[in-house]
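Read-outs throughout are calculated quantities, based only on the coordinates presented, and are distinct from any laboratory measurement. Everything numeric here is computed off the predicted structure, so don't read it as measured data. As a convention, Cβ positions derive from the backbone with ideal geometry for all residues, glycine included, and neighbour counts pool all protein chains shown.
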Amino acid sequence: MPAASFFLPLWDRAAEWHRRLAMIRDARQFIYLSTFYIEWDAYGQTLLDALDDAQGRGVQVNLLVDGYGQILGGVLMTAPQRRELARRLAGLRAGGGIVTFYRPRGLVQRSIGGGQHVKIQVADTCEAIFGSSNITRTSFEDWNEYCVALRGPIVRTLLAGFPDIGGPLRPEHLEALEALGGDPAEADHLLDYWVCNPNLLQGRLGPLGWRGENEVTERMIAMCDAARTSLAITAFYFKPVPRLMAAVVRAAGRGVRVEVFHSHRAALPTTALAWIAAAANYGPLLRAGVVIRENRRGEHSKIVLVDEAWVAFGSYNFEDAAHDRLAEAMLASRDPRAVMPARAILDELRGAPENVLVTPESFAALPLGLRLRIAALGPFKWWM
């Protein structure tokens, strides 16, 4: 099991952003960064400026962006912004940087949104940042996100998995991490790393009819089934695959206090479809006694806390795409250094004024047109 010698929670948005830039500034040999998409805003521009500066002093830059995710993110940008972003990325590549837009090998996979959703930043500073954030103002000024900064052997583990999520990796960079990584005996914080790219497991039809096993989904089910007193989950929009939904309902049915924190429909102004897919399951969840809170600003963190003693966090959204279309990853720990920050975050969310409690009464009071859309579109959740 990999371990960390340093673990720093990055719930505060400004703290994470400054940590990311400092890592790039301090890099001397290489910097790897994977993201779902980059937006051409103040954050995207600042990050690319930092990568350009690093490349100028001889740092090998390796940037992995999901091809489908960038198309989705492009909706948030104007045509001139998209062109300027493309120009800057081309310039980074022309200067010797590696810029990869991940697209799965299969035609069906590419056609229906297959890709990678893991967010990792690693440098020869022997530090990694791992979690939920994309490179966009939304991640650093609007939505809740959760990342952690890490040092120790876990950093090599994260970088070694880069090819599994679609990015190229130079073996000498792994060797450099081993040489610079410090005393392994100091790494006493044990962490499980769960990663799965379903695109690598599927046949010609991709996710259509796929019945294979996704390790991360199985781990999420196991966590739900292990809960005895409490189970708290944060997600962008809570609309998991049926087996995982059943595990959540099972937990509530045996008396576990189950809480779900996810986004309000107002948090994603471009479309209500993701919220509609989640709301289609409100009936069985509420009947089972699950406590649901919607964040009007947007809840994009991915945290699972079991019995306030076992935590997992990372990129896995509780949705069908996380199971059969997107590479996802989570870190899990029973160490108090990881558990206590998660407990504090969930306590904060319970009292946050932007979190709206969903009740059977408030759900029934939704406008008729919205309830009709939920009834009509709910059966197509897999596509949303």
Order of Glu141, Glu361, Glu178 - criterion: other Cβ atoms within 10 Å of each residue's Cβ, fewest first:
Glu361, Glu178, Glu141
Treating the beta-carbon of each Lys and Arg as +1 and of each Asp and Glu as -1, no other charges, what is the dipole magnitude of the chain about its Cα centre, to the nearest 20 debye?
1280 debye
For Arg250 and Thr229, what does the FRET efficiency come to when R0 = 22 Å and r is the distance between their Cβ atoms, rounded to the nearest 0.05?
0.90
In nm², the average projected area of the convex hull spanned by the Cα atoms of the range 268-384 is 8.3 nm²
Rounded to two decimals, the Debye log10 I(q)/I(0) of the range 1-78 (Cα scatterers, no solvent) at q = 0.16, 0.23 Å⁻¹ is -0.73, -1.19
Taking the Cα centre of the range 215-383 as the origin, how large is its charge dipole in debye, to the nearest 20, when only Lys and Arg (+1) and Asp and Glu (-1) carry charge on their Cβ atoms?
320 debye
Relative contact order for the range 215-383: what percent, with Cα pairs under 8 Å and sequence separation of 6 or more?
27 percent
Quick calc, Phe380 & Asp347: beta-carbon distance into FRET formula, R0 51 Å, rounding 0.05, result 0.90
Roughly what % of Cα-Cα distances in the chain sit above 31 Å, to the whole percent?
34 percent
Given points 7 Å out from each Cα along the Cα-Cβ axis, report the Ala309 to Arg83 separation in nanometres with one decimal.
6.0 nm
Quick one: Kirkwood hydrodynamic radius for the range 46-116, alpha-carbon pairs, angstrom, one decimal?
13.3 Å
Cross-link candidates for Lys119: which lysines have Cα within less than 24 Å, leaving aside residues fewer than 8 places away along the same chain?
Lys239, Lys302
note: the range 167-235, Cα-Cα separations exceeding 16 Å make up a percent value of 72 percent
Percent relative contact order of the range 134-287, based on C-alpha pairs within less than 8 angstrom and at least six residues apart?
15 percent
Taking the range 65-160 as the region of interest, what is the percent of Cα-Cα pairs per 5 angstrom bin, listed from the shortest bin to the one with the maximum distance?
2, 11, 15, 18, 23, 19, 9, 2, 0
Anisotropy class of the range 249-308 from Cα gyration tensor, a/c 1.5 cut:
oblate
Relative packing of 202-210, 114-122, 149-157, which averages over residues the other C-beta atoms within 10 Å, highest first
114-122, 149-157, 202-210
Only helices counted: for the chain, with every DSSP H run of 4 or more residues adding -39500 (n - 2.57) and the sum spread over all residues, [θ] at 222 nm is -11500 deg cm²/dmol
For helix 171-180, report the angle its Cα long axis makes with the longest principal axis of the Cα atoms of the chain; keep it between 0 and 90° and round to the nearest 10°.
90 degrees
Between the range 121-167 and the range 257-329, how far is it from one alpha carbon centroid to the other, in angstrom?
21 Å
Hey, could you get me the Stokes-Einstein D for the range 3-190, Kirkwood radius over alpha-carbon pairs, 20 °C and 1.002 mPa s, rounded to whole µm² s⁻¹?
127 µm²/s
Towards the positive end of the charge dipole of the range 86-212, with charges on Cβ (+1 Lys, Arg; -1 Asp, Glu), say which of Pro198, Ile112, Pro153 has the farthest Cα.
Ile112
For the range 120-279, what is one quarter of the convex hull surface built on the Cα atoms, given in nm²?
12.5 nm²
With everything on Cα atoms, drop me the angle between helix 79-94 and the longest principal axis of the chain, reported from 0 to 90° to the nearest 10.
40 degrees
